[in-house]
Ligand code: FES
């Protein structure tokens with residue numbers, strides 16, 4: 001793993017854009033948490049929730065590794081699922097994802113359904 005930094009832009013539910021950088025191998029979930037970006041992660045990246053749902057906004061979606069079955073299963077529970085929806089804890093910063101733009105949906109669905 002190198003010390004090179006890669007960037008990602010989060011579009012917050014209020015429309016604000018926040019571009020941040022992180023090291024290779026960092027998931028977008030933990031990148032968000034490191035930068036006070038409000039992306040939920042109820043199961044802490046163990047693929048047992050859909051609260052880290054993000055919508056990939058640019059052509060990066062096609063460059064991403066395909067979602068594994070467990071991610072697909074959880075995405076089925078995501079609120080406002082779109083064709084470019086992914087789970088933020090499964091998206092990893094690297095050369096291919098450098099510059100990725102993701103939107104954080106305005107609502108999530110979690111186990112307590114609040
Ligand atoms: S944090 Fe639960 S699946 Fe990503």
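Determine whether segment 75-90 contains at least one residue that is surrounded by 14 or more Cβ atoms within 10 Å (Cβ to Cβ), within 13 Å of residue 10 (Cα to Cα), within 10 Å of the ligand (Cβ to nearest atom) and at pLDDT 95 or above. Within segment 75-90, one or more residues are surrounded by 14 or more Cβ atoms within 10 Å (Cβ to Cβ), within 13 Å of residue 10 (Cα to Cα), within 10 Å of the ligand (Cβ to nearest atom) and at pLDDT 95 or above. When the criteria are applied in full, residue 71 fails the requirement of being assigned to a loop (DSSP other than H, G, I, E, B) and either in contact (Cβ under 8 Å) with a residue 40 or more places away in the chain or surrounded by 15 or more Cβ atoms within 10 Å (Cβ to Cβ) (or both). For beta carbons closer than 7 Å, sequence separation of 6+ or different chains, a first residue in segment 84-97 that is touching a residue at least 60 places away in the same chain (Cβ under 8 Å) and over 13 Å from residue 62 (Cα atoms) and a second that is part of a loop (DSSP other than H, G, I, E, B) and near the ligand (Cβ under 10 Å from one of its atoms), the qualifying pairs are 88/39; 88/52; 89/41; 89/45; 89/52.
The set of residues in segment 98-111 that are part of a loop (DSSP other than H, G, I, E, B) and closer than 17 Å to residue 17 by Cβ comprises 98, 99, 104, 105, 106. Taking segment 59-68, which residues are under 15 Å from residue 96 (Cα atoms), outside any helix (DSSP H, G or I) and in contact with a strand residue (DSSP E or B) (Cβ under 9 Å, 6 or more places away or on another chain)? Once the filter is applied, which keeps residues that are under 15 Å from residue 96 (Cα atoms), outside any helix (DSSP H, G or I) and in contact with a strand residue (DSSP E or B) (Cβ under 9 Å, 6 or more places away or on another chain), segment 59-68 yields 64, 65.
Among the numbered conditions (1) part of a loop (DSSP other than H, G, I, E, B); (2) in contact (Cβ under 8 Å) with a residue 12 or more places away in the chain, the only one that residue 36 does not meet is (2). Got at least one residue in segment 9-26 being near the ligand (Cβ under 10 Å from one of its atoms), touching a residue at least 40 places away in the same chain (Cβ under 8 Å) and in contact with a strand residue (DSSP E or B) (Cβ under 6 Å, 6 or more places away or on another chain)? There is no residue in segment 9-26 that is near the ligand (Cβ under 10 Å from one of its atoms), touching a residue at least 40 places away in the same chain (Cβ under 8 Å) and in contact with a strand residue (DSSP E or B) (Cβ under 6 Å, 6 or more places away or on another chain).
In summary, residue 72 fulfils each of the numbered conditions (1) modelled with pLDDT of 95 or more; (2) away from the ligand (no atom under 12 Å from the Cβ) with the single exception of condition (2).
The values are calculated or read from the model by the stated rules, or taken from the named source; none is laboratory data. Everything numeric here is computed off the predicted structure, so don't read it as measured data. Heads up, the Cβs are rebuilt from the backbone with ideal geometry, glycines too, and the neighbour counts pull from every protein chain shown.
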